[in-house]
Amino acid sequence: MEHISENRPIAIQLSGVKKRYKLGQIGGGTLQADLQSWWARKRGKEDPNTIIGQKERLVGSTFMALNGIDLTIYQGEAVGIIGSNGAGKSTMLKLLSRVTAPTEGDIDLYGRVASMLEVGTGFNREMTGRENVYMNGAILGMTKAEIDAKMEDIIEFSEVREFIDTPVKRYSSGMYVKLAFSVAAHLDSEIMIMDEVLAVGDMTFQKKCLDKMREAANKEGRTVLYVSHNMNTIRQLCSRCVVLNKGKIIFDGDVEEAIKIYLGIPDSHDYPVHYNLKDNERFFGRGTIIHINTFDFIGKETAVFEVNEPVSFMVNLDSIREIQGARLVFSIKTDEIRQIGMALSKPFNIKKGDNQTFVFHPDISALAHGKYCVNFEIIEEDSTGNYRSYDNPNARIFIQLENEYAHGIRWYRQYWDSVSFPEFEVNQREV
């Protein structure tokens with residue numbers, strides 16, 4: 001895939017990169033695990049220490065963590081790397097950080113690399129925070145004078161000033177992350193590699209880190225690689241996104257398209273209006289008293305609506321007894337399945353019997369344009385405010401709201417989020 005940034009100098013290039021790990025030979029973690037693996041092989045049985053769900057990546061007694069990666073990243077790009085657990089994201093970052101070497105292929109890095117892969121990576125636990133800053137700077141080829149010039153900025157950003165001369169083995173995981181990121185962000189390096197480890201920090205510090213990485217890419221011309229399961233931070237930081245699956249790149253390009261592929265979100269023309277839920281898995285084994293059969297959006301060929309367009313749907317259900325004062329809870333989530341709100345129906349009565357159909361009209365007019373995932377359940381509330389859930393089918397129902405202009409201006413969902421509140425009055429005060 002071609003990228004606008006191809007006229008920039010190359011920062012990272014991977015060609016035919018593979019990483020193979022041997023399984024069942026050594027490295028079970030304990031002598032008992034190694035003996036279990038050896039005995040299973042002797043009897044021709046499956047290795048009990050093999051990672052579940054990854055047999056398709058097994059080649060003999062080896063596991064292909066990465067299986068033929070070709071990737072070019074240009075100077076000044078902020079690139080997100082996403083994929084399910086076990087897709088190969090962390091392995092790729094370890095190869096780029098020189099923690100381990102590829103089994104096959106070539107990796108070319110044009111610049112110094114500052115990376116943060118796990119809590120405490122690159123730190124000596126017996127040394128103080130300040131001493132670790134000097135050590136990391138020396139590894140990057142900086143002189144003591146150059147490190148001294150940046151020391152105050154590092155300490156200020158890290159928010160661990162009072163502990164900077166304390167051995168880092170006494171740091172909490174959050175303090176580790178704060179100092180480690182500050183070191184990576186401020187010392188002289190052309191390439192920054194950041195793993196999901198930032199999630200350990202508090203929300204305020206995470207935002208500060210994202211702002212710093214954005215500044216590093218946009219203003220300082222540094223290359224940023226960022227791995228995260230938080231799609232909102234990927235949107236905020238990255239201009240390009242790579243999707244890994246089973247050790248291979250399955251997409252490289254637009255951030256929104258990458259997120260859609262990773263989350264399995266359908267294209268607009270594929271948004272169904274009918275869902276057969278009779279045989280769907282039930283959360284917590286519900287669905288015995290009331291059982292929801294189908295869900296249908298009314299009056300639509302696809303579940304694509306204009307912003308502020310009324311939404312109506314109907315639910316068909318069976319019930320083995322009469323329910324007085326039932327409610328339907330309509331949960332609204334972003335396309336990365338982050339809950340943002342819910343709509344609650346007025347109470348309604350359910351008779352005993354099969355094939356009862358109810359029509360609902362939730363008001364979702366506050367939502368900005370974008371893709372959403374919704375779910376629903378039928379509940380009954382008692383006099384104390386507690387409720388019982390009668391049925392909650394595991395259904396991922398997707399809708400799309402179109403028209404990115406809210407109140408006459410473009411709505412930047414990646415910055416302003418998903419809810420568009422009504423315009424408010426402004427009055428000029430006379431002097």
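The values are calculated or read from the model by the stated rules, or taken from the named source; none is laboratory data. From a predicted model like this one, the values you see are computed outputs, not experimental measurements. Because the Cβ atoms are built from the backbone with ideal geometry, glycine has one as well, and the counts that use them run over all protein chains shown.
In the stretch 114-124 there is at least one residue matching the filter, namely being over 26 Å from Leu237 (Cβ atoms) and either in the same structural domain as Leu14 (by TED's automatic domain parsing) or modelled with pLDDT of 90 or more (or both).
For every residue, the table says whether it meets (1) among the polar types (S, T, N, Q); (2) surrounded by fewer than 20 Cβ atoms within 10 Å (Cβ to Cβ); (3) within 25 Å of Val255 (Cα to Cα).
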residue: Cys373; (1), (2), (3): no, no, yes
residue: Ile378; (1), (2), (3): no, no, no
residue: Arg388; (1), (2), (3): no, yes, no
residue: Ile399; (1), (2), (3): no, no, yes
residue: Glu404; (1), (2), (3): no, yes, yes
residue: Tyr412; (1), (2), (3): no, yes, yes
residue: Trp416; (1), (2), (3): no, yes, yes
residue: Phe421; (1), (2), (3): no, yes, no
residue: Asn427; (1), (2), (3): yes, yes, no
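Picking from Ile259, Ile250, which residue would you name as being more than 30 Å from Asn293 (Cβ to Cβ), without any contact (Cβ under 8 Å) to a residue 24 or more places away in the chain and under 17 Å from the mean Cα position of the chain (by Cα)? Answer to the selection: Ile250.
What residue, of Glu131, Glu162, Glu215, Glu156, is in a helix (DSSP H, G or I), closer than 21 Å to Ile12 by Cβ and out of contact with any Gly (no Cβ under 9 Å at 6 or more places or on another chain)?
Details: Glu131 fails: closer than 21 Å to Ile12 by Cβ; Glu162 fails: closer than 21 Å to Ile12 by Cβ; Glu156 fails: closer than 21 Å to Ile12 by Cβ.
That would be Glu215, the only listed residue that is in a helix (DSSP H, G or I), closer than 21 Å to Ile12 by Cβ and out of contact with any Gly (no Cβ under 9 Å at 6 or more places or on another chain).
In the stretch 371-426, the residue that is modelled with the lowest pLDDT out of those that are among the β-branched types (Val, Ile, Thr) and under 20 Å from Leu344 (Cβ atoms) is Thr384. On inspection, Asp391 qualifies as in contact with a Gly (Cβ under 6 Å, 6 or more places away or on another chain), under 18 Å from Leu277 (Cβ atoms) and either among the hydroxyl-bearing types (Ser, Thr, Tyr) or in the same structural domain as Phe295 (by TED's automatic domain parsing) (or both). Annotation note: Cβ proximity below 7 Å between a residue of the stretch 406-431 that is outside the structural domain of Gln236 (by TED's automatic domain parsing) and touching a residue at least 40 places away in the same chain (Cβ under 8 Å) and a residue that is in a loop (DSSP other than H, G, I, E, B) and of a type in the set (Val, Ile, Thr) (sequence gap 6+ or interchain) occurs for Ala406/Val307.
Across the stretch 307-336, the number of residues qualifying as touching a His at 6+ places or on another chain (Cβ under 9 Å) and over 15 Å from Glu377 (Cβ atoms) comes to 7.
Taken together, the residues in the stretch 67-84 that are under 19 Å from the mean Cα position of the chain (by Cα) and not in a strand (DSSP E or B) amount to 2.
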